[in-house]
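A short write-up of the structure that comes next.
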Amino acid sequence: MQRVYFDNAATTPISEEVINAMLPVLRNQYGNPSSIHAEGRSVRAALESARKTVAQCIGAGTGEIFFTSGGTESNNMAIKCAVRDLGVQRIISSPTEHHCVSHTIESVKNTHGVEVVLLPVNNLGQIQYEDLETALANNDGKKTLVSLMHANNEIGTMIDLARVSSLCHQYGALFHSDTVQTIGHFPINVQETPVHFLSGAAHKFHGPKGVGFIYINPSSPIKPFIDGGSQERNMRGGTENVYGIIALAKALDLANQAMKEHAEHILDLRNYLKNSLQQELADIQFNGDYDGDSLYTVLSVSFPPNPKNEMLLLSLDIAGISCSGGSACSSGSEKGSHVLDAIDAPANRKSIRFSFSHYNTREEVDFVVNKLKSIVFVRDAVAV
């Protein structure tokens, strides 16, 4: 049976080029990068070359990149260490952040008494920058961290990274951004748009799972999040995931090189699906700022009330289509989407997230639309 994969916001398939970059390391470079013998030095050189590649991709210095197990660890590290080591007493965020950020903020609120300010979002999932400026200005002398994701993983709505950076600089606040969904898909340069912390995860841009990185601005030095050995320049104990790190660097380099070409292809697919659904199905709506500042890899589709809605994801899976109802990290939860709740999405409509990569095709979009026509109401059927 044919299957099509439209859940790239959850994870992407590893590219062949990345697999080929990993294989020599898996087969031959087995030394521990902390060892001083030839095998260890060889692996250390490869690891540092990967660090240089990642740094160059975001305009950072090599000493500002630290490898982690992924976006969740990077975001935890930024927020918890900012509170522990930099004296942060107040965090400004939003109700639509990924759970690895929102739950971490809740944790430091409970354990350290940090004040939390959640900026309201409108029905497109946008914050209002006037609200952010007001919150920054009314800080009561407390050291403040702003933590806002660059692009929402469920509905795609984006913040203006440069504008938030400027406001944080103006009011002396630290700025952390969860850029897991945008690294490798949008140009990011930390020299042009200063931030204090940002995070990335390899499996969002066709690398392997279980490896990521954090950028730490040297103006905000923090202590290790994981204690142990002297790895990652004493910032993260534990033997480095060398194979994953080499693969991450290769995947990010490839993504950056082909960013414009991939973006054009993916945006064409996204618009093709959007237009096809509107033409073929009744009462189709979309969540988020889908026609504005939006993550082009994501289209959150809102289907009208239908007795089949509760089984829609399963029906699509049976039909050979992989997609999701929201964040993959919450797929086993009985709770609804906190993002859809925050934007007051109608409870009687069903939202499905389709997310794309450059491997997808228009033929796959046609396949999805045709299968949906057999599951939900089509325009002609409603008209009759």
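The values are calculated or read from the model by the stated rules, or taken from the named source; none is laboratory data. These numbers come from a predicted model, not from an experiment. When we count neighbours, we look across all protein chains shown, and the Cβ atoms used for this are built from the backbone with ideal geometry, even at glycine.
In this structure, is Val88 crowded, with 22+ Cβ neighbours inside 10 Å and either in a helix (DSSP H, G or I) or among the acidic types (Asp, Glu) (or both)?
no
Scan the range 166-183 and give yes if some residue there is in contact with a Gly (Cβ under 6 Å, 6 or more places away or on another chain) and in contact (Cβ under 8 Å) with a residue 40 or more places away in the chain, otherwise no.
Yes - at least one qualifying residue is present in the range 166-183.
Take the range 9-23 and flag every residue that is in a loop (DSSP other than H, G, I, E, B) and not hydroxyl-bearing (Ser, Thr, Tyr).
Result: Ala9, Ala10, Pro13, Ile14.
Taking the condition of being more than 15 Å from Ile65 (Cβ to Cβ) and either touching a helix residue (DSSP H, G or I) at 6+ places or on another chain (Cβ under 6 Å) or crowded, with 20+ Cβ neighbours inside 10 Å (or both), how many residues in the range 212-224 meet it?
Qualifying residue count, the range 212-224: 1.
Taking into account only those residues within the range 284-306 that are touching a Ser or Thr at 6+ places or on another chain (Cβ under 9 Å) and not in a strand (DSSP E or B), which is surrounded by the fewest Cβ atoms within 10 Å (Cβ to Cβ)?
So, considering only residues that are touching a Ser or Thr at 6+ places or on another chain (Cβ under 9 Å) and not in a strand (DSSP E or B), the one surrounded by the fewest Cβ atoms within 10 Å (Cβ to Cβ) is Gly292.
Would you confirm whether or not the range 115-138 contains a residue that is of a type in the set (Val, Ile, Thr), in a loop (DSSP other than H, G, I, E, B), out of contact with any strand residue (DSSP E or B) (no Cβ under 8 Å at 6 or more places or on another chain) and not assigned by TED's automatic domain parsing to the domain that holds Phe354?
no
For Arg44, which of the numbered conditions (1) assigned to a helix (DSSP H, G or I); (2) within 25 Å of the chain's Cα centre (by Cα) fails to hold?
(2)
Please work out which one of (1) in contact with a helix residue (DSSP H, G or I) (Cβ under 6 Å, 6 or more places away or on another chain); (2) surrounded by fewer than 15 Cβ atoms within 10 Å (Cβ to Cβ); (3) part of a loop (DSSP other than H, G, I, E, B) is the condition Leu26 fails and give its number.
All conditions pass for Leu26, except number (3).
Given the residues Asn20, Asn32, Asn28, which is the only one that is closer than 19 Å to Lys209 by Cβ, out of contact with any Phe, Trp or Tyr (no Cβ under 6 Å at 6 or more places or on another chain) and outside the structural domain of Arg353 (by TED's automatic domain parsing)?
After applying the criteria, what remains is Asn20.
Within the range 50-71, can you find the residues that are surrounded by 13 or more Cβ atoms within 10 Å (Cβ to Cβ), touching a residue at least 60 places away in the same chain (Cβ under 8 Å) and either assigned to a helix (DSSP H, G or I) or not assigned by TED's automatic domain parsing to the domain that holds Lys223 (or both)?
Across the range 50-71, the qualifying residues are Ala50, Arg51, Thr53, Val54, Cys57, Glu64, Gly71.
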